[in-house]
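The values are calculated or read from the model by the stated rules, or taken from the named source; none is laboratory data. This is a predicted model, so every value here is computed, not measured. Here the Cβ positions follow ideal geometry from the backbone for every residue, glycine too, while neighbour counts run over all protein chains shown. What goes into the accessible areas is simple: the full protein's heavy atoms, side chains included, and nothing from ligands, DNA or RNA. Shrake-Rupley method; radii C 1.70, N 1.55, O 1.52, S 1.80 Å.
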Amino acid sequence: MSARYFVISLKKSADRRENISSVLRAHGVNFEIFDASYGVELTDQERALFSNEDHCDLHLINGTTVRVADQLTPSEMGCALSHLRLYQHIIDQGLEYAVVMEDDAQPHPDVFEAIEHLDCITEPWDIVNFSEDHNGIKSLPLARRYYFRDDKSFYFRRLGMRNDYLDARVNARHLVAVTALYVITAKACRRLIELGYPVRLPSDYLSGMIGFKEL
């Protein structure tokens, strides 16, 4: 099954929309522009979806608590709500999985090839993130690599310890820190919606914290 792409973009960002649309059209993928929430112009109904607390305590599976003390900026509020709304949209569309992009993403051509070969991953997966910003995450040294080219120049590999309790212990404060381009399953969408409301975390914290989301 060919992946469906969703691009999160503000209605006012005409240039960004056109630029990313041109890239996606050139690669012949099926995509949809998804209207983003604008953090500085949230409605009262949208603001009611956010937590009023000045901090957020994340309770990990091993009993550890991680406190996130920073309040969301308007930009982070809009971004977080946009991703959560898109997760519900993916579920409503009945998709098994989907590609999520932000309109400032600059995907390398190899990414499109990789997404067409997700079936080479033979273990269960929830999120495939194409971010390079995952420093600090401790992973199993012999984690299996899933190659999708004969020359073995590119591959998929699981980050983390493959165990929720171990990740809660050694990766409690580590995350994949970018949500510009990733693939997410419907199962993961449901889990992140469950964890994401009331909204109190930036989108990359919600989807990228290895020790928190149990995905």
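Take region 150-200, drop everything but the C-alpha atoms, weight them equally and run the Debye formula without solvent; then report log10 I(q)/I(0) at 0.32 Å⁻¹ to two decimals.
The Cα Debye sum returns log10 ratios of -1.16.
Less than 20 Å from a label point 7 Å out along the Cα-to-Cβ axis of R149: which backbone N atoms in region 82-112 qualify, by residue?
Inside the label zone: 106-112.
Given the C-alpha atoms of region 99-215, compute the convex hull and give its volume per residue in Å³.
Details: hull volume 13.5 nm³, N = 117.
Enclosed volume per residue, from the Cα hull, is 116 Å³.
D for region 44-122, whole µm²/s, Stokes-Einstein with Kirkwood Rh over alpha-carbon pairs at 4 °C and 1.567 mPa s: what number? Provide the component values of the computation, followed by the final result.
Details: Rh = 16.2 Å.
The Stokes-Einstein estimate is 80 µm²/s.
What part of the accessible area of region 64-146, given as a whole %, is carbon or sulfur when the probe is 1.4 angstrom? Display every interim value, and only then the final one.
Working: 2110 of 4480 Å².
Heavy-atom surface of region 64-146 belonging to carbon and sulfur, 1.4 Å probe: 47 percent.
Let's test the formula: R0 of 30 Å, r as the Cβ-Cβ distance of E123 and Q45. What FRET efficiency results, to the nearest 0.05?
Values: r = 41 Å, r/R0 = 1.35.
It comes out at approximately 0.15.
Pulled fully out, how much extra length does the chain show between S131 and R67, if you take 0.36 nm times their separation in residues and subtract their Cα-Cα distance?
20.6 nm
To check you understand DSSP bridge types, tell me what percent of the beta bridges within region 1-153 (both residues inside) are antiparallel, rounded to 5. Working shown, then result.
Numbers: 4 of 14 bridges.
Rounded to the nearest five, the antiparallel share is 30 percent.
If eta is 1.002 mPa s and T is 20 °C, what Stokes-Einstein diffusion coefficient results for the chain, Kirkwood Rh from Cα pairs, in µm²/s? Spell out each step's value before the answer.
Details: Rh = 18.1 Å.
So the translational diffusion coefficient is about 118 µm²/s.
From the gyration tensor of the Cα coordinates in region 1-57, what semi-axes in whole Å does the equivalent ellipsoid have, largest first, with each one equal to sqrt(5λ)? Don't skip to the answer; put the middle values down first.
Numbers: eigenvalues 192, 45, 17 Å².
Whole-Å semi-axes of the equivalent ellipsoid: 31, 15, 9.
Please list, in order along region 169-180, the HN-Hα scalar couplings obtained from phi with the Karplus expression 6.51 cos²θ - 1.76 cosθ + 1.60 (θ = phi - 60°), rounded to whole Hz, x for Gly and Pro.
Rounded to whole hertz, the list is 8, 9, 10, 4, 10, 10, 8, 7, 9, 9, 10, 6.
What is the chain's relative contact order, in percent, from Cα pairs under 8 angstrom and six or more apart in sequence? Present the calculation step by step, with values, prior to reporting the outcome.
Details: 351 pairs, mean separation 57.3, N = 215.
For the chain, the relative contact order is 27 percent.
Taking only protein heavy atoms and a 1.4 Å probe, what accessible area per residue, in Å², does the chain have with all protein chains in place? Before the final figure, lay out the partial values.
Numbers: 11660 Å² over 215 residues.
It amounts to 54 Å² per residue over the chain.
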